[in-house]
Amino acid sequence: MTKFAHINNLKISIVQSSGLLELIKESFHGQVCRSIFFINAHCSNIAQRNKEYSRVLNNADIVLNDGSGIQIASWINGIDLLENMNGTDFIPKTIELARDEGVSVFFLGATEENINQAVKNIEKRFEGIKIGGYNNGYFSSDEDDYIVDKINSSKASLLIVGMGVPKQEMWISKHQQKFTNLKIAIAGGAILDFLSGKIKRAPNWMRVIGIEWIFRWMQEPKRLTKRYLFGNPVFISSIIKHKLRRKK
């Protein structure tokens, strides 16, 4: 079992990628489906307003710290997070592990064009990967049962969902008990857009010093200005307020 800390009343798993990969490997041969979600400053801001999303995060099996915002929050709260567990780096490791373990993967999310390209790129990058199936993320709630049946029929052990927060986490939580073969379900945000090549990764030096968000903002300023330039100060303010309340 992993240890947890709490930031803004949201649980964060204290874990490193090596240990989590071992847990996932064991889970591939287990009996239950575990959920793995990520939380960054934007996710935290949404969770403060959306109580159902907050509940889903706190009921997840694993919640990973993603990005410099959560790292700053951990410093303010005296929490030692062992590693930046961002999904863009970690999820490809789980796909590689699935390939090495010979288990099948199902991909759900992105546009039809992007997921088609992502799957092609994944097949080239992870030669020998078993892809049980895939589906774009633009479906209505009326199609949920069809998507669940499609995933179950694929016999996939690993599900990667990229439909944005909080939709992807709430969708996994709603259907987690219906999956008959899945052992790991991961909510990965824009991971399929990254794997398709539509969204580029920041240079390594920007990732190392924790400013990859600036590179992303430069690619999509219209969509991300509110999230980063206004959302980040809101997040830090909420962290400080939560800490002050605990001291009273």
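The values are calculated or read from the model by the stated rules, or taken from the named source; none is laboratory data. Treat the numbers as computed from the prediction; the structure is a model and nothing was measured. Positions of Cβ are backbone-derived with ideal geometry, glycine not excepted, and every protein chain shown enters the neighbour counts. Ligands, DNA and RNA are stripped out before the accessible areas are found, and what is left, the full protein with its side chains, is counted by its heavy atoms. Shrake-Rupley method; radii C 1.70, N 1.55, O 1.52, S 1.80 Å.
Put His6, His242 in order of accessible area, highest first, and with a 1.4 Å probe you get His6, His242. On the chain, 52 percent of the accessible area sits on carbon and sulfur atoms, based on a 1.4 Å probe. Protein-only accessible surface at a 1.4 angstrom probe places the residues Leu192, Leu229 in the order Leu229, Leu192, largest first. Using a probe of 1.4 Å on the protein chains alone, the accessible area found for Asp66 is around 40 Å².
Taking amide H positions as modeled 1.01 Å from N, with prolines and chain starts lacking one, the residues under 5 Å from Ile199 and 5 or more places away or on another chain are Phe194. Coordinate range of the alpha-carbon atoms in segment 177-248 per principal axis, descending: 48, 38, 25 Å. Relative contact order, whole percent, for the chain stands at 24, derived from Cα pairs under 8 Å and 6 or more residues apart. Placing one identical point scatterer on every Cα of the chain and ignoring solvent, what is log10 I(q)/I(0) from the Debye formula at q = 0.09, 0.12 Å⁻¹? Listed by q, the Debye log ratios stand at -0.37, -0.68. The P(r) of segment 1-123 has a tail past 19 Å containing 54 percent of all C-alpha pairs. The calculated pair-distance distribution of segment 82-144 uses every alpha carbon pair, bins of 10 angstrom beginning at 0, and gives 20, 47, 27, 6, 0 percent. Give the separation of the Cα centroids, segment 210-239 to segment 1-48, in Å. When both Cα centres are located, 23 Å separates them.
What the chain shows is 50 Å² of accessible area per residue, with the surface traced by a 1.4 Å probe over protein heavy atoms. Measuring nothing but how far apart in sequence close Cα pairs (under 8 Å, 6+ apart) lie, relative to its length, segment 56-105 scores a relative contact order of 29 percent.
Each Lys and Arg contributes +1 and each Asp and Glu -1, all at the Cβ; summed about the Cα centre of segment 121-244, the dipole is approximately 540 debye.
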